[in-house]
Amino acid sequence: MTDCAECGFAYDLALAPRVSALVEGHARAYADLLGAEAPGLRRRSAPQVWSPLEYACHMRDVLLVQRERVLAARRRDVPVAESMGRDERVEHDGYSQQKPADVARQLQDAALLFSGVLDRLSPSDWERTLIYAYPEPEERSLRWVAVHTLHELRHHLLDMRRQLEHDGG
């Protein structure tokens, strides 16, 4: 995966050991946005664009799924990271009906869980790999998984902020 033209994120794999602290900080930023109880939290700016609340639910689930992927890569040689079903989860888990305060708490807890797993990686663990399906199936290191997760957090935080600013929230 290359750098993100939309949000400006640079995929610097040397950043991986510092991701856990950055993840926790981003989770607090999500919680702050959710805690504001802005009227636009549940509103989609377009039918194909998630609402800020749906983005937050997605990130909570991403952190939990990524944690499991890191743990699987520590247990097995080159496991396959199955798709998390990101689009299906929006409906199946009722993202738009969830309480923002609950999602804020859960997202922060998920960040702590993910960070805790990253903090326990040894230097050699960072080089363990798994087959990651996005954007195309490819063998990726845990270093990449950590940095990619940080990109997801940053990118979707920007998505949330844009929508809330557009809504005046």
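Values in this text are rule-based calculations from the coordinates and carry no lab data. Not measured: the values here are computed from a predicted model. For neighbour counting, all protein chains shown are included, and Cβ atoms are generated from backbone atoms with ideal geometry for every residue, glycine included.
With n ≥ 4 as the cut-off for DSSP H runs, can you work out [θ] at 222 nm for the chain, using -39500 (n - 2.57) per run divided by the number of residues, rounded to the nearest 500?
Counting only the DSSP helices, I get -19000 deg cm²/dmol.
So for the chain, Kirkwood radius off the Cα pairs, Stokes-Einstein at 25 °C and 0.890 mPa s: how many µm² s⁻¹?
151 µm²/s
For Phe114, Phe9, what ranking results if the residue with the fewest other Cβ atoms within 10 Å of its Cβ goes first?
Phe9, Phe114
Are there trypsin sites (Lys or Arg not before Pro) in the range 102-169 that DSSP marks as loop and that have at most 16 other Cβ atoms within 10 Å, and which are they?
Counting only loop positions with at most 16 other Cβ atoms within 10 Å, the trypsin sites (Lys or Arg not before Pro) in the range 102-169 are Arg120.
Can you bin every Cα-Cα distance in the range 71-169 into 5 Å intervals starting at zero and give me the percent of pairs per bin, rounded to whole numbers?
All Cα pairs considered, the percentages come to 2, 10, 15, 22, 20, 14, 10, 5, 2, 0.
For the range 1-85, just say rounded, prolate or oblate: build the C-alpha gyration tensor, square-root its eigenvalues into a ≥ b ≥ c, call rounded for a/c under 1.5, and beyond that prolate if a/b exceeds b/c, oblate if not.
Taking the square roots of the gyration eigenvalues as a ≥ b ≥ c, the range 1-85 is prolate.
Arranged by the count of other C-beta atoms within 10 angstrom, fewest first, what order do Arg60, Arg67, Arg42 take?
Arg42, Arg67, Arg60
Please work out, to two decimal places, the log10 of the ratio I(q)/I(0) at q = 0.20, 0.22, 0.25, 0.29 Å⁻¹ from a Debye calculation in which every Cα of the range 94-141 carries one identical scatterer.
Reported log10 I(q)/I(0), two decimals: -0.83, -0.85, -0.88, -0.96.
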